[in-house]
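See structure below.
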């Protein structure tokens, strides 16, 4: 991540935080240029939510430096709070109020005044496709609608920097795509977004840059494309017709790439990392044909963020919980 200090919406160096004997953060560094999306990845317990707590002034760090929108999160916490929005892992909306009522209440709490709060609520309801449901109690909203309303509430004061902590956990694919569109629209309008997520395709879709944290440390950073290059070249992926043919495909493809094929018998997939994509794809197809292996598809794909994640952390996204998993300590 590049940019001068003046260009950075979030600037963090050596951030540390301890919960009793557990050191949640052990020297995290972040540099987020204004008007971009940073994806913060890591297994459960890696320190992601603790980073968000510190940057949103909910938690004081034990050591290190952190500035948000140009202000120190400890010495100038009130200035930071005036310039940020925060959406936690769980929608923080009032079930008894309507969608419009929730947004107008937030506006009044932000000292917008009754008329301005009503106007801003109407703008956000339209932006997040909630106008038709505006008068309904939030208890009648679906999970995706609640998350969109929660995100809208964090934008009432038009923050320069928005922290979004695992925004699509538990949502179905259509709701996730809707929320992704909303985040992209915010960034297009100039908002800086720090997004924590366990959905690696979410970071791939939204993030200009990615930082991977593990055991409280920064272990990798770069654009999604740069990080993918850490795990080698393209992959030839074969989808076989059944488990027997999957094993036959794996045997046929031995030696096509520099490493042994990765075999997922349950999903009937054989994956081979290759150096020369076109030549290797041709060779793989020729071998499968010569051996009479029954396949549904043979494809070439680049490495994924999932593979980056596995290499740099040695874990799948779900591992263990951070202490006090909610945003508010």
**Study point:** Verdict on residue 326 being assigned to a loop (DSSP other than H, G, I, E, B), modelled with pLDDT under 70 and over 24 Å from residue 227 (Cβ atoms)
**Key:** yes
Check your understanding: Quick check: anything in the range 274-293 surrounded by 14 or more Cβ atoms within 10 Å (Cβ to Cβ), outside any helix (DSSP H, G or I), at pLDDT 85 or above and outside the structural domain of residue 64 (by TED's automatic domain parsing)?
Key -> yes
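Look through 204, 188 and report the one residue that is touching a residue at least 60 places away in the same chain (Cβ under 8 Å) and either under 21 Å from residue 309 (Cα atoms) or out of contact with any helix residue (DSSP H, G or I) (no Cβ under 7 Å at 6 or more places or on another chain) (or both).
The conditions single out 204.
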Study note, to complete from the structure: Only unsatisfied item for residue 299, checking (1) farther than 30 Å from residue 38 by Cβ; (2) buried (at least 19 other Cβ atoms within 10 Å of the Cβ); (3) touching a residue at least 60 places away in the same chain (Cβ under 8 Å), is (2)
Review point. What are the pairs, 6+ residues apart or on separate chains, where a residue within the range 118-141 that is without any contact (Cβ under 8 Å) to a residue 24 or more places away in the chain has its Cβ under 7 Å from a residue that is surrounded by 14 or more Cβ atoms within 10 Å (Cβ to Cβ)?
Key: 118/104; 131/125
Study note, to complete from the structure: Among residues of the range 32-52 being more than 16 Å from the chain's Cα centre (by Cα) and closer than 30 Å to residue 307 by Cβ, the residue surrounded by the most Cβ atoms within 10 Å (Cβ to Cβ) is 33
Study note, to complete from the structure: In the range 90-127, anything in a loop (DSSP other than H, G, I, E, B) and either within 18 Å of residue 148 (Cα to Cα) or modelled with pLDDT of 90 or more (or both) is listed as 90, 91, 92, 93, 94, 95, 96, 97
**Study point:** The listed residue being crowded, with 19+ Cβ neighbours inside 10 Å and closer than 28 Å to residue 14 by Cα, out of 214, 208, 234
**Key:** 214
Study note, to complete from the structure: For the range 207-223, pairs from a residue that is on the phi > 0 side of the Ramachandran plot and assigned by TED's automatic domain parsing to the domain that holds residue 34 to a residue that is in a strand (DSSP E or B) and crowded, with 20+ Cβ neighbours inside 10 Å, with Cβ under 6 Å and 6 or more apart or across chains, are 216/24; 216/25
Review point. Of these, 109, 96, 86, 8, which one is closer than 29 Å to residue 140 by Cβ and under 26 Å from the mean Cα position of the chain (by Cα)?
Key: 86
Check your understanding: Here is a list of conditions, (1) surrounded by 16 or more Cβ atoms within 10 Å (Cβ to Cβ); (2) assigned by TED's automatic domain parsing to the domain that holds residue 34, and residue 78 meets all of them except one; can you say which number that is?
Key -> (1)
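If only one of 212, 219, 183, 236 is modelled with pLDDT of 80 or more, in contact with a helix residue (DSSP H, G or I) (Cβ under 8 Å, 6 or more places away or on another chain) and in a helix (DSSP H, G or I), which one is it? Full working, then the answer.
Numbers: 212 fails: in a helix (DSSP H, G or I); 219 fails: in a helix (DSSP H, G or I); 236 fails: in a helix (DSSP H, G or I).
The match here is 183.
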Review point. Which members of the range 131-161 meet the condition of being under 14 Å from residue 107 (Cα atoms) and in contact with a helix residue (DSSP H, G or I) (Cβ under 7 Å, 6 or more places away or on another chain)?
Key: 149, 151, 152, 153, 155, 156
Exercise for review: Report whether or not residue 172 is surrounded by fewer than 19 Cβ atoms within 10 Å (Cβ to Cβ), at pLDDT 85 or above and either within 26 Å of residue 10 (Cα to Cα) or within 20 Å of the chain's Cα centre (by Cα) (or both).
Suggested key: no
Exercise for review: For the range 128-162, enumerate the residues that are surrounded by fewer than 17 Cβ atoms within 10 Å (Cβ to Cβ) and not in a loop (DSSP other than H, G, I, E, B).
Suggested key: 137, 139, 140, 143
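The values are calculated or read from the model by the stated rules, or taken from the named source; none is laboratory data. Predicted model, so just to flag it, every value in this text is computed and none were measured. So basically every Cβ, Gly included, is an ideal-geometry build from the backbone, and we count neighbours across all protein chains shown.
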